[in-house]
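To start, the structure under review is shown below, and the notes come after it.
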Amino acid sequence: MTTPFATIPDDGTPLRVVVVGAGGMGRAWLRTVQESPLVELAGIVDLDLEAARVGAASIGRPELPVGTGTARLASDVGAQAVINVTVPVAHHPVTTEALAAGLPVLGEKPVASTAAQGLSLAAASELSGQLFMVSQSRRYNSHLFEAKRLASRLGSLGIVSAEFFKAPRFGGFRDAMDHPLLLDMSIHQFDMARFLLDADPVSVFCEEYNPSWSWYRGDAGATAVFEMTGGQRFAFTGSWCSPGQETSWNAAWRISGEHGTVLWDGDGAPLSSLGGDLGAAPDGDLGADTEDPGQEIAGSLRDFVRALRTGRTPMGQVHRNIMSLAMVEAAVLSASTGMRVSIDALLEESYAQAVLTERAPGVLEVLKSWTSVRSALAGESVPL
Ligand SMILES: NC(=O)c1ccc[n+]([C@@H]2O[C@H](COP(=O)([O-])OP(=O)(O)OC[C@H]3O[C@@H](n4cnc5c(N)ncnc54)[C@H](O)[C@@H]3O)[C@@H](O)[C@H]2O)c1
């Protein structure tokens, strides 16, 4: 069962969108929106109006309307949807405002600053009947889809490992933040593991550490072992201060199953010990066998528009996405307590927090109507 949302039938004209947040990633979105025939950029919102103007100029559209308020500008320019590319702390207020104004939202990862806020946004999406999709852009990769297709031929899957070793010199906030690798990067690999296994996390044990030569204040290295629904283990080892023989930004993957192994370096085509010519894969709701998912944010933009046009639930629909942020929070908690963390316990704690802090009466009512967090995230608490 999936959460229903309002569709916008295709009348032959592109979907009018407003982009909120014109920082580094916002400018990448502006270029992608500008190049897509599926959408038309109607305006740019940023608390910093100069950033919005610079963003408009960067794509050769200096005349574009700009503003500081999402619902206001969207209404002024007749936008039909919002793309939220603000900093994580602004994801909850900006998306809440847009949904309450009756606008569907495509938001950058993470869903929000905390899983508790993510639950609030899932409830706000249900209340408004509007789609809220999180753009988890590394899913939109044809090689990842091919790895999943090849893995579907290995029989039962037992272990998936991802190794991530890079040495970027970012400067700025990442060098000073707590848990830079877990909070800013690992959500991509955690989300990809969920995709590859078609499974959700059950528990995690994680250690964080900072190698002696690290130039990060917080721990730049981490090793996490997740138990997944179905009993598989997902093992992630990563470092952001490991020069030499670096992995791709997607990480280097090994999928180990009953009959063989799939390897994927994160850049090129994946390899299977069973070979590649394996016939058609069985049907799956993600269409991993048949579809080109598109490339990164252009792929998620296409997925979003198609969802609105057809009602097909996209991969990053908020209820489906929250578990990826829950994996990050559980890993951080495990590392700080030295204990194995149950995802159910984390979700219950997040739910209690969401109920305690929710200020919108309608959203609170929806949250309270959920019989359990897992069933709500599976779309089972939502009357069709
Ligand atoms: N998918 C990826 O690979 C990827 C890569 C980089 C960043 N991101 C994500 O993109 C998002 C933005 O990151 P960034 O690097 O562009 O950040 P940034 O700091 O460069 O830009 C954020 C912009 O949002 C604006 N803003 C903040 N609060 C706002 C509000 N309430 N209303 C309107 N505008 C507001 C800021 O003024 C700023 O211009 C983050 O969620 C980040 O995690 C994703």
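If the chain between R306 and R53 were fully stretched, how many nm would it gain, using 0.36 nm times the residue separation less the Cα-Cα distance? Intermediate results must be reported in sequence, preceding the final value.
On the way: separation 253, 0.36 × 253 = 91.08 nm, distance 2.94 nm.
Extra length from R306 to R53 when fully extended: 88.1 nm.
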So how far apart, in nm, are the two label points at I159 and A6 if each is 7 Å from Cα heading toward Cβ?
5.0 nm
I want to check the label-to-label distance for R31 and A167. Put each point 7 Å from Cα in the C-beta direction and report it in nm to one decimal.
2.7 nm
Under a point spin-label approximation (7 Å from Cα along Cα-to-Cβ), what is the S372-Q295 distance to one decimal in nm?
4.3 nm
Need the full-extension length gain, Q353 to S336, defined as separation in residues times 0.36 nm minus the C-alpha distance. One decimal, nm.
4.2 nm
When all Cα-Cα pair distances of the range 142-292 are considered, the percent exceeding 25 Å is 32 percent
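Obtain the radius of gyration and the Kirkwood radius of the chain from its C-alpha atoms and give Rg over Rh.
Details: Rg = 20.5 Å, Rh = 21.5 Å.
Here Rg/Rh amounts to 0.96.
Over the chain, what is the mean sequence separation of C-alpha contacts under 8 Å (at least six apart), divided by residue count, expressed as relative contact order in percent? Kindly include the intermediate steps, with their values, before the conclusion.
On the way: 794 pairs, mean separation 77.1, N = 384.
Averaging sequence separation for qualifying contacts and normalising by length gives 20 percent for the chain.
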Over the range 1-132 - Rg/Rh using Cα atoms and the Kirkwood inverse-distance radius
0.96
If R0 = 51 Å, then L263 and D76, at their Cβ-Cβ distance, give a FRET efficiency to the nearest 0.05 of 0.50
With all distinct Cα pairs included, what does the Kirkwood hydrodynamic radius of the range 41-103 come out to in Å, to one decimal, could you say?
11.8 Å
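If the chain between M177 and R233 were fully stretched, how many nm would it gain, using 0.36 nm times the residue separation less the Cα-Cα distance? Numbers along the way, then the final one.
Numbers: separation 56, 0.36 × 56 = 20.16 nm, distance 2.87 nm.
Answer, rounded to one decimal: 17.3 nm.
Every read-out reported here was derived from the displayed coordinates using simple, explicitly stated rules and does not represent laboratory data. These numbers were taken from a predicted model, which means no experiment stands behind them. Glycine also receives a Cβ, built like all others from the backbone with ideal geometry; neighbour counts cover every protein chain displayed.
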